[in-house]
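Structure first, then comments.
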Amino acid sequence: MLYHLHEFQRSLASPFVAFSDAAAKMYSQPSSVLSRLPGAPRVAAAFELVYRIGKDYEKPEFGIRTVEAHGHTVPIIEYTVLEKPFCRLIRFKRFSDDPKTVEDLKDDPPVLVVAPLSGHHSTLLRDTVRTLLKDHKVWITDWVDARMVPAEVGPFHLEDYIDYIREFMAHIGVERLHVVSVCQPTVPVLAAVSLMAAAGEPTPRSLTMMGGPIDTRRSPTKVNDLATTKPLSWFRHSVIHEVPRNYPGHRRPVYPGFLQHTGFLAMNPSRHFSSHWDFYQDLIRGDLEDAESHRRFYDEYNAVLDMPAEYYLDTIRIVFQQHLLPRGEWRVRGEPVKVGAIRDTALFTIEGELDDISGLGQTEAALGLASGVPEERKKHLTAKGAGHYGIFSGKRWRDVIYPEVRDFIRAHG
């Protein structure tokens, strides 16, 4: 009922939200008579703030048109190379007609970026992809909003997630592949590589794990505390809801994106309040650059997706409550997940010093579990002053962390 109530409230608010958008433009456009009235900037700012708080946020585009690679400006073509019901494998293809440019690009190592299925769209890793494209051939997992997947397709479990990752790696070509997993997928990706190694299959050349919950018993955060202070039955009955009739996934049980978004805001309410107040002040002052920066951030931050209920509950139980991976007790389709079986894949773990989602030591735990990987093929980096998002986006990612990732991939290619 909660999801239906949310949709009902959204439909009731939509006329006022649309009016706020129109009013903000009428009071701010130079061609409008209303923009010349006393106090017009304040009125326009108030209406735009109301509009942005109440509007629906659609999935943003990656919008990567060109990159600078090996001293060349190279156009980028984004396209889907493999499509599954719950995920698309996207390639960012670098093109050039210049023989010298093609020669410089052809030997760059292939990298699969596994984006998190944890509420936000894969476009949250736009900066990660854009930076990697300078020196690599890049693919990314683009998870589908579960409310858009018809219920007759069937459920999606954490085991299915692992199957997807293995299929994607095989499609690209695992023998030369390097994998970068960010946050949530560090667990299923490590499990996938472990299962491949135990089965005697080829494994990726390297695996970089960034800010992920490999062992949430270390330095638990508020996210970890919430998952462990409530029984699994509470999550099943309190946060799982059926998709309403107005979506293709009608009757599919999901963890709704709007609940996840509420959780995001609740972690730092004062920070978001201050950000919106600053946005209002920027509009009044005419500080268009800072106002646009606010819009870009919240266009991404407020765009959320629904997660399949089965996958969400599996993650709560296996990763956060029972810690099956670090305890060596996880079985996937009857096969034990033995991280110690990994031999040929170099491992790099990255954590943010100020990460309030995955605490210090949670990702680094993977290095201790991988007893079969020689120490010289393991590496860890704690990024000083970096929060969770700072390890894969922003200036610290580009200037400090990325060079380490690039050099690690090159060293083990």
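Only the coordinates and a few stated rules stand behind these numbers; no lab work does. This structure is a prediction, so every number in the text was calculated from the model and none was measured. Positions of Cβ are backbone-derived with ideal geometry, glycine not excepted, and every protein chain shown enters the neighbour counts.
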ask   = Using the Cα gyration tensor of region 310-413, with a ≥ b ≥ c the square roots of its eigenvalues, what is the shape: rounded (a/c below 1.5), prolate (a/b larger than b/c) or oblate (neither)?
value = oblate
message = If I fit a long axis through the Cα atoms of helix 269-285 and take the longest principal axis of the Cα atoms of the chain, what angle between them do I get, 0 to 90°, rounded to 10?
response = 50
Rounded to whole Hz, the Karplus (6.51, -1.76, 1.60) HN-Hα couplings of region 289-304, x for glycine and proline = 5, 5, 5, 5, 4, 4, 4, 4, 5, 6, 4, 7, 5, 8, 8, 10
task = With everything on Cα atoms, drop me the angle between helix 186-198 and the longest principal axis of the chain, reported from 0 to 90° to the nearest 10.
result = 20
Unit charges at the beta carbon, dipole of the chain: most positive-side option, TRP277, VAL67, HIS178 = TRP277
note = Scalar couplings 3J(HN,Hα) for region 392-402 by Karplus 6.51 cos²θ - 1.76 cosθ + 1.60 (θ = phi - 60°), nearest whole Hz, x for Gly and Pro, are 10, 8, x, 4, 5, 4, 5, 8, 10, 7, 4
ask   = Between region 323-353 and region 73-111, how many Å separate their Cα centres?
value = 30
task = Mind pulling up the Rg/Rh value for region 215-310? Radius of gyration and Kirkwood radius, both on Cα.
result = 1.09
message = Skipping prolines and chain starts, which residues have an amide H placed within reach, meaning under 5 Å, of the one on ASP356, given they are 5 or more residues away or on another chain?
response = HIS388
query = Within region 60-140, which chymotrypsin sites (Phe, Trp or Tyr not before Pro) sit in a loop by DSSP and count at most 13 neighbouring Cβ atoms inside 10 Å?
reply = PHE95
request  = Return the long-range amide H neighbours of HIS380 (sequence gap of 5 or more, or a different chain), with a cut-off of under 5 Å between placed amide H atoms.
outcome  = THR349
request  = Output the direction-averaged projected area (hull surface divided by four) of the convex hull of the alpha-carbon atoms of the chain, in nm².
outcome  = 22.0
query = Size of the dipole of region 86-179 about the Cα centre, Lys and Arg at +1 and Asp and Glu at -1 on the beta carbon, nothing else charged, in debye to 20?
reply = 260
Virtual spin-label span in nm between SER270 and ALA411, 7 Å along Cα→Cβ = 4.1
inquiry  = What whole-number volume per residue, in cubic angstrom, does the convex hull of the C-alpha atoms of region 241-284 give?
reply    = 84
ask   = Using the C-alpha atoms of region 171-242, what convex hull volume per residue, in cubic angstrom, is computed?
value = 151
ask   = Plugging the Kirkwood radius over Cα pairs into Stokes-Einstein for region 1-157, at a temperature of 37 °C and a viscosity of 0.692 mPa s, what D comes out in µm²/s?
value = 169
task = Using DSSP to define loop residues, name the trypsin sites (Lys or Arg not before Pro) in region 100-151 whose beta-carbon has at most 16 other beta-carbon atoms within 10 Å.
result = LYS106
request  = Pull out a ≥ b ≥ c, the square roots of the eigenvalues of the alpha-carbon gyration tensor of region 113-177, then state rounded if a/c is under 1.5, prolate if not and a/b is larger than b/c, and oblate in the remaining case.
outcome  = oblate
message = Only four residue types carry charge here, +1 at the Cβ of Lys and Arg and -1 at the Cβ of Asp and Glu. Report the dipole size of region 92-140 about the Cα centre in Debye, rounded to the nearest 20.
response = 220
ask   = Out of the DSSP beta bridges found with both residues in the chain, what percent are antiparallel (nearest 5)?
value = 50
message = Rounded to two decimal places and with Rh computed the Kirkwood way over Cα pairs, what is Rg over Rh for region 79-195?
response = 0.99
key: Overall dimensions of region 1-82 by Cα: Rg and Dmax, Å   = 20.0, 56
message = I'd like the orientation of helix 257-267 relative to the chain: the angle between its Cα long axis and the longest Cα principal axis, in ° from 0 to 90, rounded to 10.
response = 90
task = Express the relative contact order of region 86-232 as a whole percentage, based on alpha carbon pairs under 8 Å and six or more residues apart in sequence.
result = 26
ask   = Of PRO256, HIS4, VAL405, whose Cα points farthest to the positive end of the dipole of the chain (charges on the beta-carbon: +1 Lys, Arg; -1 Asp, Glu; origin at the Cα centre)?
value = HIS4
message = How big is the dipole moment of the chain about its Cα centre under a simple scheme where the beta carbon of each Lys and Arg is +1, that of each Asp and Glu is -1, and everything else is neutral? Debye, nearest 20, please.
response = 400
message = Just want to confirm a number: the relative contact order over region 234-308, from Cα pairs under 8 angstrom separated by 6+ residues, in percent.
response = 34
query = Restricting attention to region 10-103, which GluC sites (Glu not before Pro) occupy a DSSP loop and are surrounded by at most 10 other Cβ atoms within 10 Å?
reply = GLU58, GLU61
message = Would region 50-113 count as rounded, prolate or oblate if I go by the C-alpha gyration tensor, calling it rounded below 1.5 in a/c and otherwise prolate when a/b exceeds b/c, oblate otherwise?
response = oblate
message = Given contacts defined as C-alpha pairs under 8 Å and at least six residues apart, what's the relative contact order of the chain, whole-number percent?
response = 19
ask   = Where does the charge balance sit around LYS379 when Lys and Arg score +1, Asp and Glu -1, over other residues with C-beta under 15 Å from its C-beta?
value = -1
